[in-house]
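Quick notes on the structure that follows.
Taken together, the values in this text are just the output of simple stated rules run on the coordinates, not laboratory data. Note that the structure is predicted; figures quoted are calculated from it, not measured. Cβ atoms come from the backbone with ideal geometry, glycine included; neighbour counts cover every protein chain shown.
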Amino acid sequence: MPGVGMPHPRDRSGLTRRQLLQGAAGSALAIGGVGALAGCENTTTPIGGGGGVNSKFVEARPLGPGGLPLPRPDYAITWAITPDNKPIPDGRKPERGPLRVYNYADYIWPGLVKRFEKKYGTKVQIATYNSADEAIAKLAAGAVTFDVIIGLSGSNIVNLLAQQLLLPLNHSYLTNLEKNIWPELQDPFYDRGARYTVPYVVWSDGIGWRNDKLKEDVAAMDVPWDIFWHAQPYRGKVGLLDDKRDALSMPMQRDAMHAGTRPDLNTEDPVIVAKAGRDLEQLTSICNIKVTITDYQTLPEGKTWLHHSWSGDVVGAAIYYMPKGVKPDVLSYWAPDKNGVVQNDFLCIGRRTKSPALAHAFLDFLLDEKNAYDNFVQQNGYIPPQKQIDADLLIKQGLIPKTLTGAVTRPDQFAFNQELLQLSVRGERLWDDAWSKFKAG
């Protein structure tokens, strides 16, 4: 089990997963040959901007790189498999390797990698990236070539496909997908049929706090998000996630809870985005809020008492980072049951892989129940969407206290919450502007 000084998976040079459009998407727009994917086998008509006498009756939807449609829960996409990029045939034996893996730093347990090497008589070579922006840009430029890519998400899939970077999957090699993974993520809206991706880990956006420091029971509040606007007594001890999409979506969720409505957390409405930025600006004077992604350390250490958090970081805090003499049950976590944020990372195979059968074997290996559990417990801290892993199991085994029950993401949360997804270039600028104004203030 990692020591207290171990770098955390999300402590990545201040860059976050969704900081990608300014780098990777710009080059994607210049890539040709994506017409077949743009004509993907959608559950609905891809885009209604093509003109014609009936175009005024078709709802306009934002476009992503290469003119590809942006997936949404109400606009699911089945990406086409093109004639020049088909899945490998059934029945191949794994190649000798080495297997080249591209991943965030410290985002897979080394012991699991060694276990795979022993099982398949191969070597695994891991290179790391700091952001989705960096990963996609390097892959697109041909600067790096990898068999397996770990850690990207639904907000990145349009970029990856516009750049023609992924090999479609052959599910005959992926028996653990149906056997072990939540049905909700076997067929995600951003990649219907899991043609190019399989899930890795899941998390929610919520509130982490020290229940021995705060007088309020945050989870019992009518609108728990209000705690940040009532945090004057905890001035200097309050934190906000350093990610514009997560941070700006928080006051949007707050407004929707007060109004009893469902927010659009991928909105490109300038009025809504600007208001969210102004709401965050209030927190500077209210509680001198700090913008960080180190709550996995500062909450256990008592340097922050209240934090806008990713659930995986709070779980990781309880497992890895509690100071000597401090019990993990001083940590609590709340996330909305509906109308909040849930996310998942995925695993995929690079189109230029030299070991496609071995790469499929690695994906299936990571989807194995024991391997996924060991990876979570020994290093990752982010929970895999395995059917057999839930809060009751983790509490029974003493891994987390009951106060963190809500930090264990459930499959039903993917039905009633939202993912933060790629925006159009215009939408991205709106969010950038609001975030920049908040941080400058």
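Counting other Cβ atoms within 10 Å of each Cβ, which chymotrypsin sites (Phe, Trp or Tyr not before Pro) in the stretch 104-200 have at most 11 and sit in a DSSP loop?
Numbers: sites: Y104, Y107, F116, Y120, Y129, F146, Y173, F189, Y190, Y196, Y200; in loops: Y107, F146, Y196.
The qualifying sites: there are none.
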The long-range amide H neighbours of Y107, using H built 1.01 Å from N in the peptide plane and a cut-off of under 5 Å, are none
How would you classify the chain from its alpha-carbon gyration tensor, with a ≥ b ≥ c the square roots of the eigenvalues: rounded for a/c under 1.5, else prolate if a/b is greater than b/c, otherwise oblate?
oblate
So, in nm, how far is label R61 from label R426 when the simple model puts each one 7 Å beyond its Cα toward the Cβ?
1.7
Measuring from label point to label point, each 7 Å out along Cα→Cβ, what is the M221 to T284 span in nm?
2.2
If amide H atoms are built 1.01 Å from N in the plane of the peptide, which residues on other chains or at least 5 residues away come under 5 Å of the amide H of G350?
V148, I149, L167
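Quick test of the membrane-span-like rule: which DSSP H helices of the chain reach at least 18 Å along their long axis (C-alpha atoms) with mean Kyte hydropathy at least 0.0?
Numbers: long enough: 244-259 (23 Å, -0.88); 270-287 (26 Å, 0.48); 425-440 (22 Å, -0.99).
The qualifying helices are 270-287.
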Comparing D364, D295, D392, which has the greatest mean-square fluctuation in the GNM of the chain with Cα pairs linked when under 10 Å apart?
D392
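Quick check on the chain: helices-only [θ] at 222 nm, where DSSP H runs of length 4 and up contribute -39,500 (n - 2.57) each and the sum goes over total residues. Nearest 500, please.
Working: 15 runs with 136 residues, N = 441.
Result for the chain: -8500 deg cm²/dmol, rounded to the nearest 500.
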Expected max-MSF residue from G121, G340, G206 in the GNM of the chain (alpha carbon, under 10 Å) is G121
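Relative contact order for the stretch 289-410 using alpha-carbon pairs under 8 Å, separation at least 6, rounded to a whole percent?
Working: 114 pairs, mean separation 40.8, N = 122.
The normalised contact order for the stretch 289-410 reaches 33 percent.
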Multiply the residue separation of D264 and R352 by 0.36 nm, subtract the distance between their alpha-carbon atoms, and state the gained length in nm to one decimal.
28.0 nm
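Given R₀ = 56 Å, FRET efficiency for Q397-T82 by Cβ-Cβ distance, to 0.05?
On the way: r = 46 Å, r/R0 = 0.81.
So, using R0 = 56 Å, E works out to roughly 0.75.
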Divide, for the stretch 263-306, the radius of gyration over alpha carbons by 2.2 N^0.38 Å, where N is the residue count.
1.51
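Expressed in nm to one decimal, what extension gain is obtained for the pair S172 and F416 from 0.36 nm per residue of sequence separation less their Cα-Cα distance? If you can, show how the numbers build up before the last one.
Details: separation 244, 0.36 × 244 = 87.84 nm, distance 3.09 nm.
Full extension from S172 to F416 adds 84.8 nm.
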Leaving out same-chain residues fewer than 8 places away, which aspartates and glutamates sit with a Cα under 15 Å from that of K324?
E301
Just D226, D368, D205 to compare: in a GNM of the chain, with alpha carbon springs under 10 Å, which one fluctuates most?
D226
